[in-house]
Amino acid sequence: MAPFEMRCIVCGKVHDMDRPAYACTSCGNLLEVSLDIREAKERLAKSRFGKRALSVWRYRELIPVGPKTKVCSISEGGTPLIKCDALAERLGMKSLWIKFDGTNPTGSFKDRGMTVGITKAKELGMKTVTCASTGNTSASLAAYAGLAGIRCVVLIPEGKVALGKLAQAMMHGAIVVSVDGNFDQALDMVMRSSNKLGMYVLNSVNPFRIEGQKTAAYEVCDQLGGVSPEYLYIPVGNGGNSAAYWKGFTEYEELGFASGRPMIRGIQAAGAAPVADMLGRGLDELVPVAKPDTVATAIRIGNPANWRKTVRALKDSGGGASTVTDDEILSAQRLMASTQGIFAEPAGAAALAGLIKDLEQGRIDSSSEVVCVSTGHGLKDPDAAVAQCKRPKAIEPTVEALERLLGEL
Ligand code: F0G
(Lines give C-alpha, C1' and ligand atoms only; values in the text may rest on other atoms or scores of the structure.)
Protein backbone atom coordinates (compact mmCIF):
# COMPACT_ATOMS: atom_id res chain seq x y z
CA MET A 1 0.00 0.00 0.00
CA ALA A 2 1.08 3.62 -0.58
CA PRO A 3 1.96 5.51 2.61
CA PHE A 4 -1.47 7.14 2.45
CA GLU A 5 -4.75 6.22 0.80
CA MET A 6 -8.06 8.05 0.71
CA ARG A 7 -11.01 5.79 1.35
CA CYS A 8 -14.72 5.90 2.05
CA ILE A 9 -15.44 5.49 5.76
CA VAL A 10 -18.37 3.14 5.06
CA CYS A 11 -17.67 1.05 1.91
CA GLY A 12 -13.88 1.45 1.88
CA LYS A 13 -13.68 2.43 -1.80
CA VAL A 14 -10.31 4.02 -2.57
CA HIS A 15 -10.37 7.49 -4.14
CA ASP A 16 -7.74 9.50 -6.01
CA MET A 17 -5.96 11.85 -3.57
CA ASP A 18 -4.88 14.13 -6.37
CA ARG A 19 -8.37 15.34 -7.16
CA PRO A 20 -10.73 17.39 -4.95
CA ALA A 21 -13.08 14.91 -3.26
CA TYR A 22 -15.09 14.88 -0.04
CA ALA A 23 -17.69 12.11 -0.46
CA CYS A 24 -17.61 8.58 -1.86
CA THR A 25 -18.56 8.33 -5.52
CA SER A 26 -20.27 4.97 -4.79
CA CYS A 27 -22.18 5.42 -1.55
CA GLY A 28 -21.98 9.16 -0.77
CA ASN A 29 -20.37 8.82 2.66
CA LEU A 30 -17.36 10.84 3.78
CA LEU A 31 -13.76 10.03 2.90
CA GLU A 32 -10.77 9.73 5.16
CA VAL A 33 -7.05 9.34 4.66
CA SER A 34 -5.60 6.15 6.04
CA LEU A 35 -2.00 5.77 7.02
CA ASP A 36 -0.11 2.54 6.33
CA ILE A 37 1.24 1.98 9.82
CA ARG A 38 3.75 -0.72 8.83
CA GLU A 39 5.18 1.41 6.07
CA ALA A 40 5.27 4.47 8.34
CA LYS A 41 7.07 2.53 11.08
CA GLU A 42 9.76 1.49 8.63
CA ARG A 43 10.07 5.02 7.30
CA LEU A 44 10.25 6.70 10.68
CA ALA A 45 11.99 6.46 13.94
CA LYS A 46 10.62 8.46 16.85
CA SER A 47 13.89 10.32 17.15
CA ARG A 48 13.03 11.97 13.84
CA PHE A 49 10.55 14.21 15.62
CA GLY A 50 12.65 14.76 18.71
CA LYS A 51 14.77 17.56 17.34
CA ARG A 52 11.92 19.52 15.83
CA ALA A 53 9.85 22.03 17.78
CA LEU A 54 6.33 20.98 18.75
CA SER A 55 4.04 22.02 15.87
CA VAL A 56 1.78 20.57 13.20
CA TRP A 57 4.65 20.16 10.74
CA ARG A 58 6.86 18.43 13.29
CA TYR A 59 4.87 15.37 12.17
CA ARG A 60 5.27 16.07 8.46
CA GLU A 61 5.91 12.42 7.52
CA LEU A 62 2.51 11.52 8.96
CA ILE A 63 0.71 14.23 6.97
CA PRO A 64 -0.41 13.36 3.43
CA VAL A 65 1.21 16.06 1.32
CA GLY A 66 4.09 15.46 -1.06
CA PRO A 67 7.58 15.48 0.50
CA LYS A 68 8.66 18.29 -1.82
CA THR A 69 5.53 20.41 -1.44
CA LYS A 70 6.13 23.85 0.06
CA VAL A 71 3.89 24.18 3.10
CA CYS A 72 1.75 27.25 3.85
CA SER A 73 2.39 27.86 7.51
CA ILE A 74 2.23 30.60 10.12
CA SER A 75 3.42 28.40 13.02
CA GLU A 76 0.35 26.48 13.94
CA GLY A 77 0.11 23.82 16.63
CA GLY A 78 2.66 23.48 19.41
CA THR A 79 -0.03 24.77 21.76
CA PRO A 80 0.41 24.51 25.53
CA LEU A 81 -0.89 21.60 27.57
CA ILE A 82 -1.50 23.52 30.77
CA LYS A 83 -1.42 21.69 34.08
CA CYS A 84 -4.34 23.31 35.86
CA ASP A 85 -3.60 22.89 39.56
CA ALA A 86 -5.85 25.74 40.71
CA LEU A 87 -8.77 24.44 38.71
CA ALA A 88 -8.12 20.84 39.77
CA GLU A 89 -8.19 21.92 43.41
CA ARG A 90 -11.48 23.76 42.91
CA LEU A 91 -13.00 20.65 41.34
CA GLY A 92 -11.53 18.25 43.90
CA MET A 93 -9.50 16.49 41.23
CA LYS A 94 -6.03 15.03 41.55
CA SER A 95 -4.89 16.62 38.31
CA LEU A 96 -6.30 18.28 35.23
CA TRP A 97 -4.80 19.52 31.96
CA ILE A 98 -6.17 21.92 29.39
CA LYS A 99 -4.92 21.72 25.81
CA PHE A 100 -5.32 25.38 24.92
CA ASP A 101 -5.72 25.39 21.17
CA GLY A 102 -7.03 28.96 21.36
CA THR A 103 -3.37 29.99 21.23
CA ASN A 104 -3.06 29.07 17.55
CA PRO A 105 -2.26 31.93 15.11
CA THR A 106 -5.89 32.88 14.43
CA GLY A 107 -7.06 31.86 17.90
CA SER A 108 -8.60 28.45 17.29
CA PHE A 109 -7.73 24.82 16.50
CA LYS A 110 -8.88 25.36 12.92
CA ASP A 111 -5.38 26.52 11.96
CA ARG A 112 -4.06 22.98 12.40
CA GLY A 113 -6.38 21.75 9.68
CA MET A 114 -6.12 24.82 7.54
CA THR A 115 -2.34 24.81 7.15
CA VAL A 116 -2.66 21.29 5.70
CA GLY A 117 -5.84 22.05 3.76
CA ILE A 118 -4.41 25.12 2.04
CA THR A 119 -1.13 23.36 1.34
CA LYS A 120 -3.22 20.65 -0.36
CA ALA A 121 -5.27 23.28 -2.24
CA LYS A 122 -2.03 24.66 -3.66
CA GLU A 123 -0.86 21.15 -4.59
CA LEU A 124 -4.13 20.63 -6.46
CA GLY A 125 -3.77 24.00 -8.18
CA MET A 126 -7.07 25.34 -6.82
CA LYS A 127 -7.78 29.01 -7.49
CA THR A 128 -10.67 29.50 -5.04
CA VAL A 129 -11.34 28.01 -1.62
CA THR A 130 -14.56 28.12 0.32
CA CYS A 131 -16.29 27.13 3.55
CA ALA A 132 -19.45 27.59 5.55
CA SER A 133 -18.68 28.63 9.08
CA THR A 134 -19.93 29.51 12.52
CA GLY A 135 -16.91 31.84 12.57
CA ASN A 136 -13.59 30.20 13.36
CA THR A 137 -13.24 28.20 10.15
CA SER A 138 -13.87 31.33 8.11
CA ALA A 139 -11.32 33.35 10.12
CA SER A 140 -8.69 30.65 9.70
CA LEU A 141 -9.40 29.92 6.04
CA ALA A 142 -9.30 33.63 5.22
CA ALA A 143 -5.87 33.97 6.85
CA TYR A 144 -4.34 30.97 5.07
CA ALA A 145 -5.93 31.78 1.71
CA GLY A 146 -4.48 35.28 1.98
CA LEU A 147 -1.07 33.79 2.72
CA ALA A 148 -1.34 31.43 -0.23
CA GLY A 149 -2.70 34.08 -2.59
CA ILE A 150 -5.89 32.11 -3.28
CA ARG A 151 -9.37 33.66 -3.55
CA CYS A 152 -11.52 32.89 -0.51
CA VAL A 153 -15.31 32.80 -0.26
CA VAL A 154 -16.87 32.23 3.17
CA LEU A 155 -20.55 31.73 3.98
CA ILE A 156 -21.68 32.63 7.49
CA PRO A 157 -25.08 32.48 9.20
CA GLU A 158 -26.55 35.96 9.36
CA GLY A 159 -26.17 37.59 12.80
CA LYS A 160 -24.80 34.48 14.52
CA VAL A 161 -21.06 34.89 14.16
CA ALA A 162 -19.04 36.37 17.04
CA LEU A 163 -17.61 39.82 16.35
CA GLY A 164 -13.92 38.90 16.59
CA LYS A 165 -14.29 36.09 14.06
CA LEU A 166 -16.14 38.30 11.61
CA ALA A 167 -13.44 40.96 11.96
CA GLN A 168 -10.77 38.36 11.21
CA ALA A 169 -12.44 37.00 8.06
CA MET A 170 -12.89 40.54 6.74
CA MET A 171 -9.38 41.73 7.63
CA HIS A 172 -7.74 38.70 6.05
CA GLY A 173 -9.44 39.61 2.79
CA ALA A 174 -12.13 36.96 2.29
CA ILE A 175 -15.31 37.54 0.33
CA VAL A 176 -17.70 37.28 3.27
CA VAL A 177 -21.25 36.21 2.39
CA SER A 178 -23.94 36.43 5.04
CA VAL A 179 -26.61 33.76 4.51
CA ASP A 180 -30.14 34.23 5.78
CA GLY A 181 -30.14 30.81 7.41
CA ASN A 182 -28.11 28.71 9.84
CA PHE A 183 -24.74 26.94 9.51
CA ASP A 184 -26.31 23.71 8.27
CA GLN A 185 -28.02 25.53 5.41
CA ALA A 186 -24.83 27.43 4.55
CA LEU A 187 -22.82 24.18 4.45
CA ASP A 188 -25.42 22.60 2.22
CA MET A 189 -25.05 25.56 -0.19
CA VAL A 190 -21.27 25.19 -0.17
CA MET A 191 -21.41 21.47 -0.92
CA ARG A 192 -23.94 21.92 -3.72
CA SER A 193 -22.13 24.81 -5.41
CA SER A 194 -18.43 23.96 -5.04
CA ASN A 195 -17.97 21.81 -8.18
CA LYS A 196 -20.01 24.10 -10.36
CA LEU A 197 -18.18 27.22 -9.17
CA GLY A 198 -14.71 25.62 -9.10
CA MET A 199 -14.24 26.10 -5.35
CA TYR A 200 -12.27 23.76 -3.06
CA VAL A 201 -14.21 23.09 0.16
CA LEU A 202 -12.24 23.46 3.38
CA ASN A 203 -14.86 22.54 5.92
CA SER A 204 -14.04 19.52 8.06
CA VAL A 205 -15.65 17.25 5.44
CA ASN A 206 -12.32 17.74 3.70
CA PRO A 207 -10.15 14.79 4.80
CA PHE A 208 -6.96 16.87 4.69
CA ARG A 209 -8.33 19.20 7.39
CA ILE A 210 -8.63 16.20 9.70
CA GLU A 211 -5.06 15.18 8.92
CA GLY A 212 -3.82 18.51 10.27
CA GLN A 213 -6.09 18.42 13.31
CA LYS A 214 -5.02 14.91 14.34
CA THR A 215 -1.61 16.35 15.27
CA ALA A 216 -3.17 17.80 18.43
CA ALA A 217 -3.48 14.26 19.77
CA TYR A 218 0.14 13.48 18.86
CA GLU A 219 1.16 16.62 20.74
CA VAL A 220 -0.85 15.70 23.85
CA CYS A 221 0.89 12.31 24.00
CA ASP A 222 4.32 13.88 23.50
CA GLN A 223 3.59 16.54 26.13
CA LEU A 224 2.56 13.85 28.62
CA GLY A 225 5.81 11.97 28.01
CA GLY A 226 4.58 9.31 25.59
CA VAL A 227 1.34 8.33 27.29
CA SER A 228 -2.25 9.19 26.52
CA PRO A 229 -4.56 10.60 29.20
CA GLU A 230 -7.40 8.44 30.49
CA TYR A 231 -10.07 10.83 29.26
CA LEU A 232 -10.25 13.55 26.64
CA TYR A 233 -13.14 16.02 26.93
CA ILE A 234 -13.89 17.90 23.72
CA PRO A 235 -16.73 20.01 22.32
CA VAL A 236 -18.62 18.58 19.34
CA GLY A 237 -20.13 20.78 16.65
CA ASN A 238 -19.73 19.49 13.12
CA GLY A 239 -17.88 16.50 14.59
CA GLY A 240 -14.53 16.86 12.82
CA ASN A 241 -12.22 17.65 15.70
CA SER A 242 -13.28 14.83 18.01
CA ALA A 243 -12.83 12.40 15.09
CA ALA A 244 -9.43 13.93 14.31
CA TYR A 245 -8.21 13.51 17.90
CA TRP A 246 -9.30 9.88 17.95
CA LYS A 247 -7.53 9.26 14.64
CA GLY A 248 -4.39 10.89 16.04
CA PHE A 249 -4.41 8.92 19.29
CA THR A 250 -5.04 5.68 17.43
CA GLU A 251 -2.25 6.21 14.91
CA TYR A 252 0.23 7.30 17.57
CA GLU A 253 -0.42 4.19 19.63
CA GLU A 254 -0.25 1.91 16.59
CA LEU A 255 3.05 3.51 15.59
CA GLY A 256 4.37 2.65 19.04
CA PHE A 257 4.95 6.33 19.90
CA ALA A 258 2.48 6.42 22.82
CA SER A 259 0.92 3.96 25.18
CA GLY A 260 -2.85 3.80 25.50
CA ARG A 261 -5.66 5.84 24.05
CA PRO A 262 -8.15 8.00 25.93
CA MET A 263 -11.87 7.64 26.28
CA ILE A 264 -13.29 10.54 24.29
CA ARG A 265 -16.19 12.41 25.89
CA GLY A 266 -17.91 14.57 23.28
CA ILE A 267 -19.71 17.56 24.77
CA GLN A 268 -22.57 19.32 23.02
CA ALA A 269 -24.66 22.34 23.92
CA ALA A 270 -28.12 21.23 25.03
CA GLY A 271 -29.80 23.26 22.26
CA ALA A 272 -27.65 21.72 19.54
CA ALA A 273 -27.06 18.13 20.60
CA PRO A 274 -27.98 15.66 17.84
CA VAL A 275 -24.96 13.43 18.49
CA ALA A 276 -25.55 13.19 22.25
CA ASP A 277 -29.22 12.58 21.54
CA MET A 278 -28.46 9.80 19.08
CA LEU A 279 -26.11 8.01 21.47
CA GLY A 280 -28.40 8.61 24.45
CA ARG A 281 -31.34 7.03 22.64
CA GLY A 282 -29.27 4.23 21.10
CA LEU A 283 -30.24 5.19 17.53
CA ASP A 284 -28.37 4.01 14.43
CA GLU A 285 -28.84 7.24 12.49
CA LEU A 286 -28.58 10.88 13.40
CA VAL A 287 -31.79 12.89 13.72
CA PRO A 288 -30.86 16.50 12.86
CA VAL A 289 -31.96 19.36 15.12
CA ALA A 290 -33.89 21.75 12.87
CA LYS A 291 -33.33 24.92 14.88
CA PRO A 292 -30.13 24.58 16.89
CA ASP A 293 -29.49 27.27 19.47
CA THR A 294 -26.80 28.02 22.04
CA VAL A 295 -24.73 30.89 23.39
CA ALA A 296 -21.71 28.88 22.17
CA THR A 297 -22.31 29.98 18.57
CA ALA A 298 -19.25 28.04 17.34
CA ILE A 299 -21.12 24.77 17.98
CA ARG A 300 -24.58 25.96 16.99
CA ILE A 301 -24.96 23.06 14.54
CA GLY A 302 -28.00 20.81 14.11
CA ASN A 303 -26.87 18.47 11.34
CA PRO A 304 -23.17 17.64 11.83
CA ALA A 305 -21.64 16.51 8.55
CA ASN A 306 -19.09 14.32 10.35
CA TRP A 307 -21.58 12.54 12.60
CA ARG A 308 -20.53 9.06 11.49
CA LYS A 309 -16.88 9.82 12.17
CA THR A 310 -17.48 11.36 15.59
CA VAL A 311 -19.93 8.65 16.68
CA ARG A 312 -17.34 6.04 15.74
CA ALA A 313 -14.70 7.90 17.79
CA LEU A 314 -16.92 8.30 20.85
CA LYS A 315 -18.09 4.67 20.76
CA ASP A 316 -14.80 2.97 19.84
CA SER A 317 -12.95 4.89 22.53
CA GLY A 318 -15.44 3.83 25.20
CA GLY A 319 -16.21 7.49 25.95
CA GLY A 320 -19.60 8.81 24.85
CA ALA A 321 -21.40 12.11 24.66
CA SER A 322 -23.33 14.40 26.94
CA THR A 323 -24.91 17.83 26.94
CA VAL A 324 -24.39 21.02 28.92
CA THR A 325 -26.71 23.99 29.23
CA ASP A 326 -25.75 27.51 28.23
CA ASP A 327 -25.55 28.46 31.93
CA GLU A 328 -23.16 25.58 32.58
CA ILE A 329 -21.00 26.62 29.62
CA LEU A 330 -20.81 30.25 30.78
CA SER A 331 -20.10 29.27 34.36
CA ALA A 332 -17.22 27.02 33.21
CA GLN A 333 -15.95 29.84 31.01
CA ARG A 334 -15.85 32.23 34.01
CA LEU A 335 -14.26 29.60 36.26
CA MET A 336 -11.50 28.88 33.76
CA ALA A 337 -10.80 32.57 33.25
CA SER A 338 -10.92 33.59 36.91
CA THR A 339 -9.08 30.66 38.52
CA GLN A 340 -6.70 29.49 35.84
CA GLY A 341 -5.98 32.53 33.66
CA ILE A 342 -7.31 30.82 30.55
CA PHE A 343 -9.81 32.88 28.56
CA ALA A 344 -11.77 30.70 26.18
CA GLU A 345 -14.76 31.49 24.02
CA PRO A 346 -17.96 29.72 25.19
CA ALA A 347 -17.47 26.66 22.94
CA GLY A 348 -13.91 26.48 24.24
CA ALA A 349 -15.27 26.07 27.76
CA ALA A 350 -17.88 23.44 26.88
CA ALA A 351 -15.49 20.54 27.50
CA LEU A 352 -14.76 21.76 31.02
CA ALA A 353 -18.50 22.23 31.62
CA GLY A 354 -18.99 18.61 30.55
CA LEU A 355 -16.27 17.42 32.89
CA ILE A 356 -17.78 19.33 35.83
CA LYS A 357 -21.15 17.74 35.13
CA ASP A 358 -19.64 14.24 34.85
CA LEU A 359 -17.87 14.75 38.19
CA GLU A 360 -21.11 15.94 39.82
CA GLN A 361 -23.03 13.00 38.43
CA GLY A 362 -20.35 10.51 39.48
CA ARG A 363 -19.73 9.44 35.88
CA ILE A 364 -16.00 9.93 36.29
CA ASP A 365 -13.66 9.46 39.21
CA SER A 366 -11.91 12.55 40.59
CA SER A 367 -8.56 10.76 40.41
CA SER A 368 -8.82 10.22 36.63
CA GLU A 369 -6.21 11.71 34.32
CA VAL A 370 -8.15 14.19 32.22
CA VAL A 371 -7.32 16.51 29.35
CA CYS A 372 -9.95 19.09 28.36
CA VAL A 373 -9.60 20.64 24.92
CA SER A 374 -10.18 24.37 24.83
CA THR A 375 -10.77 25.06 21.17
CA GLY A 376 -11.01 28.84 20.78
CA HIS A 377 -9.82 32.04 22.42
CA GLY A 378 -12.13 34.22 24.52
CA LEU A 379 -11.25 37.40 22.62
CA LYS A 380 -13.11 35.95 19.65
CA ASP A 381 -16.44 36.64 21.32
CA PRO A 382 -16.20 39.77 23.48
CA ASP A 383 -19.99 40.22 23.53
CA ALA A 384 -20.53 36.85 25.24
CA ALA A 385 -17.95 37.78 27.86
CA VAL A 386 -19.10 41.34 28.58
CA ALA A 387 -22.77 40.31 28.75
CA GLN A 388 -22.12 38.06 31.76
CA CYS A 389 -19.85 40.38 33.75
CA LYS A 390 -20.55 43.38 35.97
CA ARG A 391 -19.99 46.74 34.29
CA PRO A 392 -16.88 48.68 35.39
CA LYS A 393 -17.50 50.97 38.38
CA ALA A 394 -17.49 54.63 37.39
CA ILE A 395 -15.86 57.13 39.79
CA GLU A 396 -14.47 60.67 39.88
CA PRO A 397 -10.72 60.88 39.13
CA THR A 398 -9.66 61.21 42.81
CA VAL A 399 -7.89 58.98 45.36
CA GLU A 400 -10.74 59.58 47.83
CA ALA A 401 -13.29 58.29 45.37
CA LEU A 402 -11.22 55.14 44.82
CA GLU A 403 -10.81 54.67 48.60
CA ARG A 404 -14.55 55.08 49.13
CA LEU A 405 -15.35 52.60 46.40
CA LEU A 406 -12.95 49.92 47.69
CA GLY A 407 -14.31 50.44 51.20
CA GLU A 408 -17.82 49.75 49.96
CA LEU A 409 -16.93 46.47 48.29
N1 F0G B 1 -14.97 24.80 19.27
C2 F0G B 1 -14.84 25.87 18.49
C3 F0G B 1 -14.24 27.11 19.06
C4 F0G B 1 -15.27 25.80 17.13
O5 F0G B 1 -15.12 26.88 16.35
C6 F0G B 1 -15.85 24.62 16.64
C7 F0G B 1 -16.32 24.51 15.27
C8 F0G B 1 -15.94 23.52 17.52
C9 F0G B 1 -15.50 23.66 18.82
C10 F0G B 1 -16.49 22.22 17.09
O11 F0G B 1 -15.60 21.51 16.29
O12 F0G B 1 -17.06 21.18 14.32
O13 F0G B 1 -14.95 19.91 14.57
O14 F0G B 1 -16.91 19.42 16.04
N15 F0G B 1 -16.45 25.49 14.49
C16 F0G B 1 -16.78 25.40 13.06
C17 F0G B 1 -16.60 26.74 12.39
C18 F0G B 1 -18.03 24.70 12.77
O19 F0G B 1 -17.25 26.99 11.37
O20 F0G B 1 -15.79 27.53 12.85
P21 F0G B 1 -16.15 20.43 15.25
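Things worth noting here:
- FRET efficiency estimate (nearest 0.05) - Cβ-Cβ, Glu400 to Ile74, R0 41 angstrom: 0.25
- For the peptides 208-215, 268-275, the ranking by mean Cβ contacts within 10 Å, running from highest to lowest, is 208-215, 268-275.
- In the chain, helices alone account for a calculated mean residue ellipticity at 222 nm of -11500 deg cm²/dmol, with every DSSP H run of four or more residues adding -39,500 (n - 2.57).
- At 0.692 mPa s and 37 °C, Stokes D of the stretch 170-260 from Kirkwood alpha-carbon radius, µm² per second: 213 µm²/s
- Counting DSSP beta bridges with both ends in the chain, the antiparallel % (nearest 5): 30 percent
- In the assembled protein chains, Asp293 presents an accessible area of approximately 90 Å² (probe radius 1.4 Å).
- Using distinct alpha-carbon pairs, which all enter the 1/r mean, Kirkwood radius of the stretch 1-155 in Å: 17.8 Å
- For Lys13, a cut-off of 17 angstrom between C-alpha atoms picks up these lysines, skipping any fewer than 8 places away in its own chain: Lys309.
- Restricting the trypsin sites (Lys or Arg not before Pro) of the stretch 37-104 to loop positions (DSSP other than H, G, I, E, B) with no more than 15 neighbouring Cβ atoms within 10 Å leaves Lys46, Lys51, Arg52, Lys68, Lys70, Lys94.
- Subset of Lys51/Lys165; Lys122/Lys196; Lys99/Lys380; Lys99/Lys120; Lys68/Lys120 violating a 24 Å alpha-carbon distance limit: Lys51/Lys165; Lys99/Lys120
- Efficiency of FRET from Cβ geometry, Gln185 and Arg281, R₀ 35 Å, rounded to 0.05: 0.90
- Calculated FRET value between Ala40 and Asn195, using beta carbons and R₀ = 45 Å, to 0.05: 0.90
- Which of Met189, Met17 is most accessible, then next, and so on - probe 1.4 Å: Met189, Met17
- The chain: relative contact order in percent, alpha carbon pairs under 8 Å with at least 6 residues between: 16 percent
- Qualifying lysines (Cα of each under 18 Å from Cα of Lys94; at least 8 residues distant if same chain): Lys83, Lys357
- Amide H contacts for Arg151 (H built 1.01 Å from N in the peptide plane; partners 5 or more residues away or on another chain; cut-off under 5 Å): Val129.
- Neighbourhood charge, 10 Å Cβ-Cβ cut-off, centred on Val65 and excluding it, Lys, Arg +1 and Asp, Glu -1: +3
- When peptides 366-377, 156-167, 256-267, 385-396 are sorted by average Cβ neighbour count within 10 Å, with the highest value leading, the order is 366-377, 256-267, 156-167, 385-396.
- Radius ratio Rg over Rh of the stretch 100-223, counting only Cα atoms, Kirkwood formula for Rh: 0.96
The values are calculated or read from the model by the stated rules, or taken from the named source; none is laboratory data. Fair warning: this is a prediction, and the values are worked out from it, not measured in the lab. Please note: Cβ atoms are built from the backbone with ideal geometry, for glycine as well, and neighbour counts cover all protein chains shown. The accessibility values were calculated without ligands, DNA or RNA, using every heavy atom of the protein model including side chains. Shrake-Rupley method; radii C 1.70, N 1.55, O 1.52, S 1.80 Å.
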